[in-house]
Structures are given as C-alpha cells and as structure tokens.
1. Anything in region 1-33 that is more than 30 Å from LEU123 (Cα to Cα), of a type in the set (A, V, I, L, M) and modelled with pLDDT under 80? List them, or say none.
2. For region 46-65, indicate whether the set of residues that are surrounded by fewer than 17 Cβ atoms within 10 Å (Cβ to Cβ) and over 26 Å from LEU123 (Cα atoms) is non-empty.
3. Among the residues of region 54-65, is there at least one that is β-branched (Val, Ile, Thr) and at pLDDT below 90?
4. Between a residue in region 66-79 that is farther than 10 Å from VAL56 by Cα and any residue that is charged (D, E, K, R) and surrounded by 17 or more Cβ atoms within 10 Å (Cβ to Cβ), which pairs come within a Cβ distance under 9 Å, given they are 6 or more apart or on different chains?
5. Quick one: in region 23-63, which of the residues that are of a type in the set (S, T, N, Q) and more than 16 Å from THR75 (Cα to Cα) is farthest from the chain's Cα centre (by Cα)?
Amino acid sequence: MPTPSSSLLASLVQLTNDLEQQGFPEGSLYVVATPIGNIADISLRALKVLSLVDAVACEDTRNTGVLMSRLGLSTPLFSAHQHNERESAKGLIDLLKKGQTIAQVSDAGSPAISDPGYRLVRLALESKIR
C-alpha cells in the first residue's frame, strides 16, 4: 500500500490544528453526519465532536455502537428513533439544560433530513439551546 504524501500529511496536520482552534461550547446539541457505506468518509470535525460530547443520541444504538467502536470511542449512547423520539427528546433536553453536550446522529447520513432528529433539534431551538 502506498504511503501518504508529505503534502497530504501536512494538510491533515493543518486541518487538525484548525479544528483545535474551534470552540465547542458545553450544553450544546451537535447534529453530526455519519458515513454512508464507508467509515473512511467520516469528517475530522465529526470525529472531534463524537470524541468530546457527553452522550450520543442515535437512531439505533447497535449501529452507532459499531461505528463508535470502529472509531475507538466509548461515549454513552441514547436511543432516539422514530418510535421514542418525542419522549427521548425531552430527556435529552433536560441533560442539555444541565450543561451536558450531546451529539445527534442517524444510522448513516445527516440526522433530521430524512431520519429521526427533527424533534430534538426543534425542542433544543425552542429551549434556546445551542
């Protein structure tokens, strides 16, 4: 397998440095897109957010558990799917109000587009949560 070029490695170092300069406020809800089909498609920002949040609200804990394990992350997972989203959103908002930081993910792609997540995002906005 060929090794990455020095310019690619330099770009990754710069991107990582840029990411470290970004603020990630506590008590915020982060909507995080996950890879569709290829785990290598995860973004550096998604990796950073998933590594720093207190919990991850997900469509299916089994699927997200596999993703998190492959990424070497052990962040607690909370189920937030179409059948429990109304109730789970209220509990997650309570955690956010207490200063917890939460990422919302779906099984693949962007949550709240065609997957569960809009209730949590809407309730967060109504509750003046970032």
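1. Of everything in region 1-33, just one residue is more than 30 Å from LEU123 (Cα to Cα), of a type in the set (A, V, I, L, M) and modelled with pLDDT under 80, namely MET1.
2. The answer is no; no qualifying residue exists.
3. Checked region 54-65: no residue is β-branched (Val, Ile, Thr) and at pLDDT below 90.
4. Going by the 9 Å Cβ cut-off, the qualifying pairs are LEU67/ASP107.
5. ASN38
The values are calculated or read from the model by the stated rules, or taken from the named source; none is laboratory data. Just so you know, these numbers come straight off a predicted model, no measurement behind them. Positions of Cβ are generated from backbone atoms using ideal geometry, with glycine treated the same way; all protein chains shown enter the neighbour counts.
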